[in-house]
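Taking it in order: structure first as structure tokens, then the write-up.
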Amino acid sequence: MSAPKTDRIDRRRVRTRAALLRAGQQLFAERSVDGVSIDDIVATADVAKGSFYNHFPDKEALAQALANQARASVETTAAIAGAGVADPAERVARALCVFVRQAGEHPEASRMMLRLFHGAAIPDAPMNAGVRADIQAGLAAGRFSGISREAAVLLAVGAVQIAVGRAIEREGAGIEALAADLALGLLRGLGVADAATVAARAAREIFKA
């Protein structure tokens, strides 16, 4: 017995959406949103142009969907890496290492993330809620010192962006050492006395996982 027509249509819609998302990831990793046309997207996805509008009103909506998807994935990974870790310094170091590891394993998605996350440098942006919480906890506990909350968040976000970009350029080569070095620099900037020990442990544990 063949599947009901509605089931076949639903499966086709899922496949089409997935193809559009894959095409968007590939294209936005290479070019800005303005540099990509809907014709480029449907050609790469190998779907009819009309199908695009069944899923997204415009390419900006596709870009936003991809950004949300990538952000949720990375934030979940970072949260798992920090689960059960009470020390804010170690949580920050582990998060940076997770982003670097992700960049090495999924360079296309990470390249797209750098292009699409325009709010990353805004300390109060929703996407920075996790790092804000860790920074605030570290300052309140005296684990971080000699730096303002805003500067600390910007330092952490900037270090991650630089680390991800460099990991992509290296195509995975030597990224554990890169993560350890940048985590060390970040923790020193936050005034962590045992920065070297924390950074080395974070890199070792994240990259052995």
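The values are calculated or read from the model by the stated rules, or taken from the named source; none is laboratory data. Small disclaimer: the values here were computed from a predicted structure and weren't measured. Note: areas computed on protein heavy atoms with side chains; ligands, DNA, RNA excluded. Shrake-Rupley method; radii C 1.70, N 1.55, O 1.52, S 1.80 Å.
Please state the equivalent ellipsoid semi-axes for the chain: what are the square roots of 5 times the Cα gyration tensor eigenvalues, largest first, in whole Å?
38, 17, 16
Order Lys208, Lys59, Lys49 by their accessible area, 1.4 angstrom probe, all chains in place, largest first.
Largest accessible area first, the list is Lys208, Lys49, Lys59.
Can you give the accessible area of Thr44 in Å² (nearest 10), computed on protein heavy atoms with a 1.4 Å probe?
60
List the residue ranges in the chain for DSSP H helices whose C-alpha atoms run 24 angstrom or more along the long axis and whose Kyte-Doolittle average is 0.5 or above.
Flagged H segments are 149-170.
Between Ala43 and Glu108, what length in nm is gained on full extension when 0.36 nm per residue of separation is reduced by their alpha carbon distance?
Taking 0.36 nm per residue and subtracting the Cα distance, the gain is 21.5 nm.
According to the square roots a ≥ b ≥ c of the eigenvalues of the Cα gyration tensor, what is the shape class of the stretch 98-209, taking rounded for a/c under 1.5, prolate for a/b larger than b/c otherwise, and oblate for the remainder?
Note, shape of the stretch 98-209 comes out oblate.
How much length would be gained if the chain were fully extended between Ser145 and Asp58, taking 0.36 nm per residue of separation minus their Cα-Cα distance, in nm to one decimal?
Residue separation times 0.36 nm, minus the Cα-Cα distance, leaves 26.8 nm.
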